[in-house]
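Asker: Quick one: this structure, given as structure tokens, is what I'll be asking you about.
The values are calculated or read from the model by the stated rules, or taken from the named source; none is laboratory data. Nothing here was measured: the structure is a model prediction, and the numbers come from that model. Here Cβ is always computed from backbone atoms with ideal geometry, including for glycine, and neighbour counts include all displayed protein chains.
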């Protein structure tokens, strides 16, 4: 059977994105945003992890982290005492590094797997975590359809598509362009999950500190972050991420 031009183009886009993340691991011994030496990165990542914990208690649950990268943040969830933790990523270099970090811990495992093929696991999970993945994908709806078949609850963290600064970065930032980043409007994300059998139970806007910003700016933004997160309209336009919890029917 001939391979259609559309499938060929999609495959090329996918391979380009994965190759870039593989290169990140080789060049930086891990993902750039996972480097916590910079204060802004510590603040931003702490906010994202806390926003996930506010939506779900992982204790005693079977958890799959989709797009686990180099394992840095997946391994942090071990402190929440899940029954089992599986990290999946399409980048072989990232998964290799993640397994090195995990060592012989029997409660966590990392595996190379395309997110569109998670159904091949033939396993069910209590919780799927999807932190900053959809905005890298060439077909996010297809990925959503696949993940709703393997998990009862899905926690999603995505760049806030309402934020005008983020839209500018996507057009002009070298990092954003190389990693093919694109943010989606929150209602669009909600609709995609609802279309594939999910129900958005809780949602919110979190974070004000961007990755890689100067320390003085990180400190200032972190100080006013709690206030901004409570103010309607301002939080929609300025917060970094949209976070939501999906229950699968």
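Asker: I'd like the full set of residues that are more than 20 Å from residue 134 (Cα to Cα) and touching a strand residue (DSSP E or B) at 6+ places or on another chain (Cβ under 8 Å), limited to segment 59-101.
Answerer: 61, 62, 75, 77, 78, 82, 83, 84, 85, 98, 99 - these are the residues of segment 59-101 that are more than 20 Å from residue 134 (Cα to Cα) and touching a strand residue (DSSP E or B) at 6+ places or on another chain (Cβ under 8 Å).
Asker: Name the single residue that is nearest to residue 84 (Cα to Cα) among those in segment 53-72 being in contact (Cβ under 8 Å) with a residue 24 or more places away in the chain and part of a loop (DSSP other than H, G, I, E, B).
Answerer: So the residue we want is 61.
Asker: Quickly run through segment 155-170 and pick out the residues that are touching a helix residue (DSSP H, G or I) at 6+ places or on another chain (Cβ under 6 Å) and either at pLDDT 95 or above or closer than 14 Å to residue 244 by Cβ (or both).
Answerer: 155, 157, 158, 159, 162, listed by residue number.
Asker: Residues that are touching a strand residue (DSSP E or B) at 6+ places or on another chain (Cβ under 6 Å): list the helices (runs of 4 or more DSSP H) wholly contained in segment 131-249 that include at least 3 such residues.
Answerer: Filter on segment 131-249 gives 186-195.
Asker: Oh, and also: Quick check on this structure: which one of 113, 97, 86 is without any contact (Cβ under 8 Å) to a residue 60 or more places away in the chain, more than 25 Å from residue 51 (Cα to Cα) and surrounded by 14 or more Cβ atoms within 10 Å (Cβ to Cβ)?
Answerer: Exactly one of 113, 97, 86 is without any contact (Cβ under 8 Å) to a residue 60 or more places away in the chain, more than 25 Å from residue 51 (Cα to Cα) and surrounded by 14 or more Cβ atoms within 10 Å (Cβ to Cβ), namely 113.
Asker: Given the residues 142, 230, 206, which is the only one that is under 30 Å from residue 118 (Cβ atoms) and surrounded by fewer than 18 Cβ atoms within 10 Å (Cβ to Cβ)?
Answerer: After ruling out the rest, the residue left standing is 142.
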